Structures are given as structure tokens and as C-alpha cells.
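Single-structure report; data block below.
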Amino acid sequence: MLDLKYIVENRDRVIERLTVRNFKELHLVDELIELEEKRRKLKTESETTQAGINAASREISQLITRKENSEPKKKEVAVWKASLQPLSAELADTEARINELILRIPNLPSSQVPAGHGAEDNVVVRESGPKPTLPVDALPHWDLAKKFQLIDFDLGTRITGSGFPVYTGQGAKLQRALVQYFLDFNTAAGYREIQPPILVNENTAYGTGQLPDKEGQMYYINEDKFYLIPTAEVPVTNIYRDTIINEADLPVRMTAYTPCFRREAGSYGKDVRGLNRLHQFDKVEIVQLAHPAKSYQVLEEMVAHVEKLMQSLELPYRILKLCGGDMGFTSAQTYDFEVWSAAQEKWLEVSSVSNFESFQTNRMKIRFKDENKKNQLVHSLNGSSLALPRIVACLLENNQAGPEIRLPKPLHAYFGAGVIG
RNA sequence: GGAGAGGUGCCUGAGUGGCCGAAAGGGCCGGUUUGCUAAACCGUUGUACGAGCUUAAACUUGUACCGAGGGUUCGAAUCCCUCCCUCUCCGCCA
């Protein structure tokens with residue numbers, strides 16, 4: 001969430017930035033500023049009263065010690081308390097209201113974010129070489145998966161439901177090879193490997209911004225009040241919740257492989273065919289906690305890192321800078337990576353690299369002590385490197401060669417062969 | 001899941017109703033001593049949100065925080081209730 005003090009002090013800029021996002025509820029900004037003023041008044045007032053009560057209590061203590069009559073003083077306190085009661089009730093209401101409203105305001109797009117309404121306004125930053133032309137009898141990945149017995153979608157449906165594929169044989173091994181390759185690639189660049197829980201509690205889901213808004217997207221275990229993670233970002237970023245990091249330890253870099261679970265309620269049709277959209281999928285994530293002054297440098301570095309990984313997979317890709325209208329609620333700036341699915345003839349998103357600035361860390365209270373010994377919020381960033389299913393889809397489709405499917409060089413050692421066949 | 005014990009500051013650990021934000025030791029930071037290191041000695045050492053002062057910082061001051069949330073009381077780390085977690089034993093188990 002945004003810092004309320006920042007909103008109060010930078011009202012016009014906040015409005016202007018939210019407009020870039022096409023945020024509709026701009027009135028919330030002024031409402032919050034008014035509520036904050038009210039809150040401060042109430043707080044001062046109720047604390048003054050409380051200070052009086054505390055002082056009187058200390059006097060009572062002394063009266064009792066001296067065995068003097070404390071009853072008049074107690075009556076006095078009762079009067080204080082009666083006047084405090086409505087004050088603190090109103091203060092609590094005001095704070096609750098502030099809390100409710102501020103959670104509805106999305107992050108401010110950075111100054112580099114282009115204005116726009118949706119996907120059509122995103123800016124293509126880079127596009128790799130030419131798209132391959134496949135033979136006319138080329139197959140989409142779901143057919144290839146069947147032909148080479150790599151993935152069994154029907155079996156997954158029987159065991160769990162749609163969107164829960166079963167990877168078999170070389171298909172399963174390809175998953176393992178990709179995960180291992182991605183993790184090795186990340187740790188070689190200085191990311192510390194983490195294996196986090198894939199069920200998280202409410203506080204954790206709140207910390208990265210999945211709650212209160214997106215509970216419908218997550219699977220929930222009612223019995224224990226746990227959420228299945230939609231991405232490793234959630235448990236991994238929360239590792240540093242409520243901590244003050246040494247400035248010298250910044251940036252913190254972490255990478256994790258986890259399965260990810262998304263309910264994707266309401267999705268259907270050809271967009272969800274095959275591996276395009278699943279309820280359970282594998283992803284390797286990178287997360288950084290960075291000094292606020294360096295976070296945009298870190299963002300570019302992460303984009304370059306993911307791009308290098310993309311290139312090594314020898315797939316046609318492009319990088320988009322998302323426009324204000326297409327960015328996630330918590331993001332200040334986002335780059336999306338898409339790979340070209342040659343048989344489906346469309347771009348598939350495989351990575352999203354974002355700087356959240358202090359939007360998440362403000363919730364999680366992840367801070368560092370700066371040179372003036374003041375606590376400051378760090379900036380959090382994350383990105384996929386990479387989400388597996390769509391990469392697999394493109395690897396299969398783009399590299400199909402009759403009786404076999406060729407694999408890019410870096411995977412040969414991990415897969416134990418150069419081709420699927 | 002059953003029985004018992006317990007959750008205090010960066011760490012260890014005291015504190016069972018009244019200046020306790022919290023003893024003591026350790027660590028950390030600053031200083032003295034020292035050829036250097038070590039040792040010794042002295043001092044400092046939480047977070048959040050308000051108010052005052054200020055260009056700002058420093059500072060002064062108030063409130064809250066001793067697992068979380070409620071309650072009792074003039075007053076709660078200390079008593080009561082609910083929840084979470086940790087440890088020991090039993091049960092179950094990859």
C-alpha cells in the first residue's frame with residue numbers, strides 16, 4: 001500500500017500518477033487526506049486524555065502507599081475514562097476506514113510507464129530475431145505432447161480436474177531439467193536458492209498484496225486457514241517481513257522453484273487449451289530487496305538476466321513495457337516477456353518482471369537503517385525465470401522435426417539427450 | 001490427536017498487579033588505555049504513531065507495544081478468556 005504521509009504531502013502527483021493507470025476512484029485520495037487529518041486530531045486528543053488517566057493512576061498509587069483516601073481520585077479517573085470512550089471509538093473507526101480505503105489505491109506507476117488502457121497500449125521494448133516458419137503439418141503442443149507421450153491432460157482431469165496435467169516419461173524429465181537449469185542459472189548470478197512452503201497463512205498473503213483483493217484467485221484450505229501460493233513471490237518476499245536489514249546486505253537476491261496454484265475462475269475456451277493456462281504449474285522465481293535509490297537499476301538488471309536466460313533457450317521472444325492500464329495493482333513498473341508459439345501463432349507470456357517500490361514492503365515492514373540511522377522501506381522486485389508450461393509449449397512447437405523434437409543446447413546435459421524422440 | 005511446561009528487547013535471562021520500555025550478563029556501537037592485537041574500564045544501545053521546537057536534523061514530550069486478540073482493575077509483562085506457536089512425554093507417521 002502507499003504511504004499515507006506521501007499521499008498527504010504529494011496529493012497532486014498521486015492523482016496525476018493514478019490517472020496514468022486509469023484509476024477510477026480518484027476521490028479516495030482526498031477522502032484519505034481528510035481522514036488522516038481527523039485521525040491526527042483524535043489521536044492527540046485521546047492521548048492527552050490517556051496521559052491524564054495515567055498520571056492520576058500514579059497518584060492513586062502514592063495515596064494508597066501513604067494510606068490516604070484515594071476514592072475522590074478514582075472518581076476523577078472515571079470521568080476521564082468516560083470522556084475517552086467515545087474518542088477512542090471514533091479514532092478506531094477512523095483508522096479502520098483509512099485502512100480500508102488505502103488498500104483500494106493501487107501503486108503509482110513510475111515516471112517511465114506509458115499511459116494506456118490495456119494490452120494494446122503496451123510498448124514493445126525489444127523483439128528477438130525472426131519467427132520460425134513451421135511445415136504445414138506442424139502440430140500444436142497438445143498434440144505433440146500426446147504423440148511423444150509427454151503430458152497426459154485427460155489423466156490429470158481424472159485424478160484432480162482440468163488444468164492439472166500429468167507429466168510422463170520424457171515430459172516429466174523435461175520439467176525437472178528446466179527447473180534445475182533455471183535454478184542453476186539464477187544461483188550462478190548470485191541469487192540464493194530458497195525452498196519455501198507452498199501453503200501460506202493470511203498475514204503472508206496480505207504482505208505481498210494477494211489479500212484482501214484476490215482471494216478468489218487462490219485455493220484455500222478452510223480447515224487450517226492456509227492459502228496455496230499462486231507464485232513463489234509470496235512466501236519468498238515474506239521471508240523478510242518485519243525485519244530491518246543491514247544496509248550492507250542490500251540487495252538481497254533470492255530464487256525459488258515452486259509449484260504455483262491458481263483457480264483461474266471463469267477461464268475457458270482456446271486460451272486455456274493445453275499448457276496455455278493451468279491451475280497448477282511450475283515456476284522458478286527471482287526476488288530482490290533493494291535500496292530505494294537503486295531499485296530501477298536492479299529492475300533493468302533483472303530484465304537483462306531473464307533475457308539472457310530466454311536467449312539461451314533459443315526461442316523467439318519479445319519484451320513489453322506495460323502501460324499504466326495493464327499493470328498489476330501492486331506494481332510501479334512491469335516488463336513482460338512473451339515467447340512466440342509457432343503452431344498457435346501467438347505470443348505467450350512467460351515472465352513478468354516488476355518493481356513494486358515500497359508498496360509491498362510498506363505492508364510487510366521490510367526496512368533498512370540508512371546512514372542517518374533512520375529506518376527506511378526497501379524496494380521489492382520480482383520476476384519469473386521462468387514459468388515452465390508456456391516455455392514447454394513453445395519448445396515443443398517451435399522445435400518439432402518430424403520424429404523428434406530438438407532441445408536447445410543448455411538443456412542437453414540436464415535432459416541427458418539433445419532431442420525428445 | 002492426548003497430557004504437561006512455556007512464549008519477555010539483537011541473544012541469554014530475571015521480573016506474579018503500581019515510575020517496568022523492562023534487572024543482570026553477552027553482543028553491537030562510541031570513548032579511554034595501548035606500538036599493534038587482546039584484555040580492562042566508562043558510556044550508549046528498540047519500534048510505531050502523535051505533540052512541541054526547527055528550514056531540516058538533533059532534541060524535548062505523550063501514547064502504544066513483554067506471541068496475537070479480547071477482558072478485569074484507578075493501574076497489567078504480571079490476573080482471566082480465546083487463538084497461534086515452541087518444548088517434553090504418549091499416539092500416529094514420509
Open item on the list: Looking at chain A as a GNM with Cα springs under 10 Å, which of A:I405, A:I221, A:I229 has the largest mean-square fluctuation?
Closed with: A:I221
Open item on the list: Test of the criteria: in region A:103-176, which trypsin sites (Lys or Arg not before Pro) are in a DSSP loop and have at most 16 other Cβ atoms within 10 angstrom of their Cβ?
Closed with: A:R104
Task: Listed residues A:H291, A:H27 arranged by accessible area, highest first, probe 1.4 Å - done: A:H27, A:H291
- [ ] Quick one: compute the contact order of region A:4-102, relative version, from alpha carbon pairs under 8 angstrom and 6+ residues apart, as a percent.
- [x] 36 percent
TODO: Please give, to one decimal in nm, the separation of the simple spin-label points placed at A:E47 and A:H117, each 7 Å out from Cα toward the Cβ.
DONE: 4.7 nm
- [ ] Return one whole number: the accessible area per residue of region A:4-102 in Å², for a 1.4 Å probe.
- [x] 64 Å²
Open item on the list: Return the equivalent ellipsoid semi-axes of chain A as a descending list in whole Å, where each equals the square root of 5 times an eigenvalue of the C-alpha gyration tensor.
Closed with: 52, 23, 20
Open item on the list: Report the gain in length on full extension from A:D12 to A:A89: 0.36 nm times residue separation, minus Cα-Cα distance, nm rounded to one decimal.
Closed with: 24.6 nm
TODO: Return the carbon/sulfur percentage of the accessible area of chain A, one whole number, probe 1.4 Å, all protein chains in place.
DONE: 50 percent
Task: Mean accessible surface per residue for region A:119-420, computed with a 1.4 Å probe while every protein chain stays in place, in Å² - done: 44 Å²
TODO: Between A:D213 and A:I244, take the C-beta separation as r, use R0 = 30 Å, and let me know the FRET efficiency to the nearest 0.05.
DONE: 0.60
TODO: Let me know the longest stretch in chain A that avoids all GluC sites (Glu not before Pro) found in a DSSP loop with at most 12 other C-beta atoms within 10 Å.
DONE: A:69-222
TODO: Sum up the charges of everything whose Cβ sits under 10 Å from the Cβ of A:F23, counting Lys and Arg as +1 and Asp and Glu as -1, but leave A:F23 out.
DONE: +3
Task: Relative contact order (%) - chain A, alpha-carbon pairs under 8 angstrom, separation at least six - done: 20 percent
Open item on the list: Once ligands and nucleic acids are excluded and a 1.4 Å probe is used, how much of A:W347 is accessible, expressed in Å² to the nearest 10?
Closed with: 50 Å²
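The values are calculated or read from the model by the stated rules, or taken from the named source; none is laboratory data. What you see is a predicted model, and the numbers here were worked out from it, not measured in a lab. Backbone-built Cβ (ideal geometry, glycine too); neighbour counts: all protein chains shown. Ligands, DNA and RNA are stripped out before the accessible areas are found, and what is left, the full protein with its side chains, is counted by its heavy atoms. Shrake-Rupley method; radii C 1.70, N 1.55, O 1.52, S 1.80 Å.
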